[in-house]
Amino acid sequence: MDVTQSSKSPSDWTEIDSSYRFPTLFLASKAVAWLLLGSIFSLIASIKMHSPSFLASCPWVTYGVMIPAALNAVVYGFALQGAFAALLWITMRLGQVKLVGPGYLFIGSALWNIGVLLGVIGIMAGHGSGHTYLEMPGFVSPILFAAYTLIGGIALVTFHKRQVRELYPSQWFIFAALYWFPWILTAGSYLLVMSPVRGVTQMIIGGWYASGLNVIVLGFVGIAIIQYMLPKLTKRDLHNGYLSLFSFWIIMLFGGFTGLLPGQSLPSWVGSLSAVCSVFVAFAWLVLAYNIYRTIGGVSGKSGGLSYKFIYFSAAAGLLSAVLTAWASRASVADVIQFTLFLPGLKWLHLYGFVGMGLLGCIHYFLPKITGIEWSRPAQWTAIFWTYAIGTSLVGIAFLVGGWKHGKGLIDPETPFMDVVREGIAPFVRMSTVGELLVFVAAALLCWNVTTLFCRTYCSCLCLGGLSQNKAGTSSETKKSQPKKSSKNK
Amino acid sequence: MNQGPLLFLSVLCAMAASWMGFVLMPQVQLGNQSTRLVKEIGRHYPAERGGIAVKGHDVYRAAGCVSCHTQQVRQSGFIFDIVLTDAGDFTDLVTSLVQQANGDLSDQQAADIVANAPKTILEGVSKQTVDSIAFLFKDSGGKVAANIRPTGPDIDRGWGPRQTVGLDYLFDEPVLMGSQRIGPDLADVGSRLADRNWHLLHLYHPRTVVEKSIMPAYPYLFETREIGDSPSPDALALKGEFAPEEGMEVIPTPEANALVEYLLSLRIFHPVFEAPYIFTQAEPSENIDSEMEPAE
């Protein structure tokens with residue numbers, strides 16, 4: 001699975017990277033801005049859990065709309081947008097090809113942001129649909145779909161025009177995610193929001209959409225990042241491509257069926273099928289983890305730099321969330337954790353821990369490469385890593401442990417409900433507020449750093465009189481890191 | 001896997017499989033579900049929600065109540081109550097059988113049961129016991145019946161008499177079953193808490209009726225205005241720290257009234273084929289959870 005041609009000269013790489021300079025800066029800076037907004041929303045929601053009178057008189061920020069607004073801002077604004085940025089970069093790098101149609105990509109990403117903004121405002125104004133992950137009002141889906149057609153189309157054309165024909169495992173995952181997303185977006189929003197099906201079928205389709213989005217689309221981009229970045233950062237080859245192929249197939253076949261717990265008011269085969277499939281996915285993740293472990297085993301974390309820490313955390317969170325999801329789908333466990341904070345805990349672990357961390361690691365690594373400008377304050381990035389990692393872990397642990405206690409209280413009819421709230425929810429929500437505050441700090445720092453880099457790149461381009469001259473100007477900087485890349489130009 | 005077309009085909013197959021499994025199959029199984037005649041009540045169930053409750057459902061959706069409240073009752077199993085419905089002609093034999101069925105009964109109690117049938121012989125027994133007792137009474141002339149009682153923590157909490165099933169949500173649009181119980185389940189809240197004023201006070205400021213509630217207040221569903229010529233009959237009866245200023249009153253907006261109407265319409269009082277239970281007319285204001293009792 002090794003792609004070791006070093007046919008490209010450093011200047012070719014600079015050309016490839018610079019073709020992507022402004023689109024990616026745009027995508028990345030908007031993605032982190034959405035992360036910041038999402039973290040503000042979840043912080044407000046979290047504070048409301050222990051001070052219910054906080055901002056009570058305003059319908060736009062009531063708890064019930066802050067939760068979906070935060071989720072949608074983070075999923076569509078941050079995770080998916082960041083995923084587009086990362087997958088385009090990986091596609092270009094692995095295919096050794098310049099970005100096709102940066103202008104269309106720019107239009108697509110602008111449209112995407114308009115769509116997400118309208119969607120989040122719609123939710124806050126009380127036009128949310130009530131279906132988790134598809135809360136945005138119906139009119140937003142066509143906008144998102146049009147935007148995606150441009151972004152995904154460009155990714156596919158770039159993929160198609162690749163110079164290196166042989167495919168690296170990350171490319172399978174990215175390719176599958178690219179095809180999967182428009183499929184679930186159209187089917188999901190049509191069947192749930194625009195022309196809704198009747199009765200509980202809505203819940204099942206909602207579960208199908210959620211698992212497709214989380215496990216397949218975002219999950220695959222996350223896995224692609226891990227499989228691309230870890231070997232790259234440790235300068236090793238991926239241990240075994242066939243193990244990757246196995247995980248790819250298993251997760252793709254069964255990942256779309258996870259996420260609906262047994263014990264809900266749905267036909268019982270739904271929960272059982274979902275439980276079995278979750279176990280398959282967890283097994284595929286274990287295989288994936290083994291493969292990664294064999295790849296990076298024995299490498300000291302320091303040699304990979306800060307990006308390595310980001311990706312490593314992301315891989316660990318991904319594995320943990322897959323294993324916990326499988327464990328939680330056992331009927332005896334599902335009885336306890338159903339309807340509790342455990343489920344948002346899993347969501348956090350997956351979305352912020354696995355996908356988010358991977359995206360941040362990617363952004364940290366590739367933005368300086370693409371712009372040719374190093375981060376001005378590396379120490380701030382260390383701070384971002386630690387605050388984000390600690391914050392995410394705190395929220396995850398608080399929700400998972402709290403969820404277990406919450407559930408144990410719920411299934412014991414002798415415990416009055418108010419005691420469940422007092423002992424199973426309140427203390428853990430307080431703990432999660434601290435975590436969310438840390439994530440907010442990390443997001444704010446991140447936003448500041450990426451925006452500064454954006455401005456500096458823009459200014460340097462202006463000073464040097466446009467992009468063409470800028471290439472020459474930055475190549476001296478970029479060259480330093482080139483030999484490494486070209487010897488292992490994956 | 002190193003060729004684009006092969007990769008495309010495999011992704012397409014996997015996508016089609018997941019679509020068929022979780023979109024097509026449920027739609028084939030449940031898409032044609034329609035209302036059903038329930039013998040116990042002689043009416044079709046479920047009935048479409050009418051009046052301002054429809055608008056209330058919309059307010060419920062817009063305020064995101066589903067973020068904290070589920071509308072699904074879980075059930076872990078059944079237990080049975082055995083009732084002697086008819087003593088028949090051989091009362092002595094049946095009395096001894098009754099005693100055999102429930103060893104705790106004295107001669108006098110067993111005789112009472114036989115004399116006053118229909119009467120309950122045994123409570124809370126398993127299906128096997130039901131079968132063996134039915135076998136016992138076979139050919140004795142006495143007739144026994146088993147009443148079904150669903151069990152489970154949700155049912156013991158008084159959150160509903162039976163589990164909720166797909167049929168219950170037939171006319172909900174969107175279906176807001178929820179996945180979080182930060183607050184109690186609302187599938188049967190209309191039976192549990194039938195007092196309109198309680199709901200209005202609770203929405204205006206949850207802590208007026210439930211001490212230490214963490215539910216957010218919804219003051220924007222109410223209008224605080226000056227008292228006109230005479231106090232409005234709709235004004236909330238607020239006391240103490242929650243009362244509005246002197247000369248002001250708090251009136252529910254149409255949204256608040258609609259939401260309360262919707263909450264009151266959430267009731268489970270029909271047994272259905274998938275979730276049977278003994279049918280007794282729901283008696284509102286019983287089974288009130290302790291946490292729901294008004295704070296003093």
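All of the numbers you see were taken from the coordinates with simple rules; none came from a lab. None of these values were measured; they are calculated from a predicted model. When we count neighbours, we look across all protein chains shown, and the Cβ atoms used for this are built from the backbone with ideal geometry, even at glycine.
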Mind checking the angle between helix A:378-410 and chain A's longest principal axis? C-alpha axes, 0 to 90 degrees, to the nearest 10. 20 degrees
For the table A:Lys235/A:Lys369; A:Lys347/A:Lys405; A:Lys161/A:Lys235; A:Lys235/A:Lys347; A:Lys405/B:Lys212; A:Lys30/A:Lys232, the rows whose alpha-carbon distance is greater than 22 Å are A:Lys161/A:Lys235; A:Lys235/A:Lys347; A:Lys30/A:Lys232
For A:249-261, mean number of other protein chain Cβ atoms within 10 Å: 3
Quote the FRET efficiency, to the nearest 0.05, computed for B:Glu274 versus B:Ile227 with a Förster distance R0 of 56 Å and r equal to the Cβ-Cβ distance. 0.60
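What's the average, rounded to a whole number, of partner chain beta-carbon atoms within 10 Å of each residue's beta-carbon in A:56-65?
6
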Which loop-located chymotrypsin sites (Phe, Trp or Tyr not before Pro) does the stretch B:203-279 contain, where loop means any DSSP state but H, G, I, E or B and the Cβ has at most 11 other Cβ atoms within 10 Å? B:Phe273
For A:Lys98, give me every one of the aspartates and glutamates with a C-alpha distance below 14 angstrom, ignoring sequence neighbours fewer than eight places off in its own chain. A:Asp12, A:Glu15, A:Asp17
From zero outward in steps of 20 Å, how is the percent of C-alpha pairs of the stretch A:10-487 spread across the bins? 24, 59, 16, 1
The stretch B:4-38 residues near the modelled A:Tyr104 label - backbone nitrogen below 20 Å, point 7 Å along Cα→Cβ: B:4-5, B:8
Describe numerically, in nm with one decimal, the distance between label points set 7 Å from Cα along Cα→Cβ at B:Glu241 and at A:Ala383. 3.9 nm
Between helix A:219-234 and chain A, what is the angle of the helix's C-alpha long axis to the longest principal axis, kept within 0 to 90° and rounded to the nearest 10? 40 degrees
Quick one: which of B:96-102, B:119-125 comes out on top by average Cβ neighbours within 10 Å, and what's the full order, highest first? B:96-102, B:119-125
Excluding residues fewer than 8 positions from B:Lys127 in its own chain, the aspartates and glutamates with Cα under 13 Å of it are B:Asp81
Cα-based helix-to-principal-axis angle, A:169-189 vs chain A, degrees rounded to 10: 50 degrees
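Under 1.5 on a/c is rounded, so check that first for the stretch B:1-146, then, if it is not, pick prolate when a/b is larger than b/c and oblate when it is not; a ≥ b ≥ c are the square roots of the alpha carbon gyration tensor eigenvalues. Don't skip to the end; give the middle numbers.
Values: a/c = 3.45, a/b = 2.15, b/c = 1.61.
Prolate is the answer for the stretch B:1-146, as a/c is 1.5 or above and a/b outweighs b/c.
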Residue separation times 0.36 nm, minus the C-alpha to C-alpha distance between A:Tyr190 and A:Ser51: what's the value? 46.2 nm
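According to the square roots a ≥ b ≥ c of the eigenvalues of the Cα gyration tensor, what is the shape class of chain B, taking rounded for a/c under 1.5, prolate for a/b larger than b/c otherwise, and oblate for the remainder? Each step should come with its number before you reach the end.
Values: a/c = 2.70, a/b = 1.29, b/c = 2.10.
Since a/c reaches 1.5 but b/c is at least a/b, the shape of chain B is classed as oblate.
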Descending packing, highest mean Cβ count within 10 Å first, for A:208-214, A:146-152, A:241-247 is A:208-214, A:146-152, A:241-247
Estimated inter-spin distance, B:Leu37 and B:Ala115, nm [label 7 Å along Cα→Cβ]: 4.2 nm
For peptide B:177-189, how many partner chain Cβ atoms fall within 10 Å of a residue's Cβ, on average? 5
Here, A:Ser300 and A:Glu423, labelled 7 Å along Cα→Cβ, have an inter-label distance in nm of 4.9 nm
